[in-house]
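Working notes for the structure below.
The values are calculated or read from the model by the stated rules, or taken from the named source; none is laboratory data. Quick caveat: nothing in here was measured; it's all calculated off a predicted structure. FYI the Cβ positions are ideal-geometry reconstructions off the backbone, even for glycines, and counts take in every protein chain you see.
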Amino acid sequence: MKNKMLKKNALLAISAILVLLMFGGRNSTLLHETKVEAAQRPIIIQGPMPIEAEKFAQRLEKVKEEKSGTFVFYKGKLNGYPVIVAKTGKGMENTAAATAVAIEKYNPIAIINQGTSGGHDPNLNVYDIVLGKRTTNLGSLKTTSKDENQGIDPTTWIPMDLMASEGSAGEDPNAEKIRYYEGDKGLLAAANAVKDTYTKGKVVEGTIGSADVWNNEVDRIKWFHTNYGSSVEEMEGAAAAQIAKAYDVAFLGIRILSNNKTNGGKYTPDTAAANQEYVYEVVKKYISNIQSK
């Protein structure tokens, strides 16, 4: 009887060890998979309008669509690496919200905000592309003090840095300056490395300006070009850059000129697709750089 009990206990012990080994191995595999997934934090490509986002999304593999509010996220892979195309909607508020949602949900390694823009630099033409070495908010301004019937003079308005202090930006003289968000060096390097693949225009580094304003006054455009050094204007990039900075996520704006009033360049909607083709090459290069580390 005693021998039978010993044999039974031995069998139970062996079974327990086998179970532990089996699940221990499984847990080890799951841990390894989690580490691999963590090493593959997605790259997010933002486009405000359908024509600025969906061409890129169509080139991803195994695409799944997710929505959050009015924002649409196309989750897929490029060369086996996770990439998410975000259709943010137009404007600074939409873009800021979409960027925060994307960062909280997907924990990206980098964000590229791309799409069309209007030219500020007369040396740039339709189909030229600007890499945002800097991005800035053109709509953050403080007017000079004028009493009733003294008129309006936008050329005297003062740039206002809303991030300069926690006090009143309008009363703080330290806020009377332009804030620039620097483009990530790794993303810029990838973009410059593949610029020769783009044949429809020039690819240059410059300053991208953003605001919920569509400027059609050439003198106003020249004022921004002179005072801010702006190469182009659009309605989203600075908002995305500000939120990316808050979360310490690598950011770069890439904008193609769809028109340029300073030299008569007419609006051309096909530029949106051309920009996505170039950004596709940038992302492939950036992924290659990540994987080679």
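Taking into account only those residues within the stretch 146-194 that are loosely packed, with under 14 Cβ neighbours inside 10 Å and polar (S, T, N, Q), which is nearest to the chain's Cα centre (by Cα)?
Here the answer is Ser165.
Tell me, please, whether a residue that is over 23 Å from the mean Cα position of the chain (by Cα), in the same structural domain as Val213 (by TED's automatic domain parsing) and within 21 Å of Tyr278 (Cβ to Cβ) can be found in the stretch 110-119.
No, the conditions are met nowhere in the stretch 110-119.
Name the single residue, out of those in the stretch 199-233 being surrounded by 20 or more Cβ atoms within 10 Å (Cβ to Cβ) and of a type in the set (Ser, Thr, Tyr), that is nearest to the chain's Cα centre (by Cα).
Ser210
Kindly indicate whether any position in the stretch 84-107 is part of a strand (DSSP E or B), assigned by TED's automatic domain parsing to the domain that holds Asn216 and of a type in the set (Phe, Trp, Tyr).
So far as the stretch 84-107 goes, no, none of its residues is part of a strand (DSSP E or B), assigned by TED's automatic domain parsing to the domain that holds Asn216 and of a type in the set (Phe, Trp, Tyr).
Of all residues in the stretch 159-173, which are farther than 18 Å from Ala238 by Cα and not small (Gly, Ala, Ser)?
Glu166, Glu171, Asp172, Pro173, listed by residue number.
It is to be established whether one or more residues within the stretch 84-92 are among the hydroxyl-bearing types (Ser, Thr, Tyr), more than 25 Å from Trp214 (Cβ to Cβ) and either modelled with pLDDT of 95 or more or in contact with a Lys or Arg (Cβ under 6 Å, 6 or more places away or on another chain) (or both).
no
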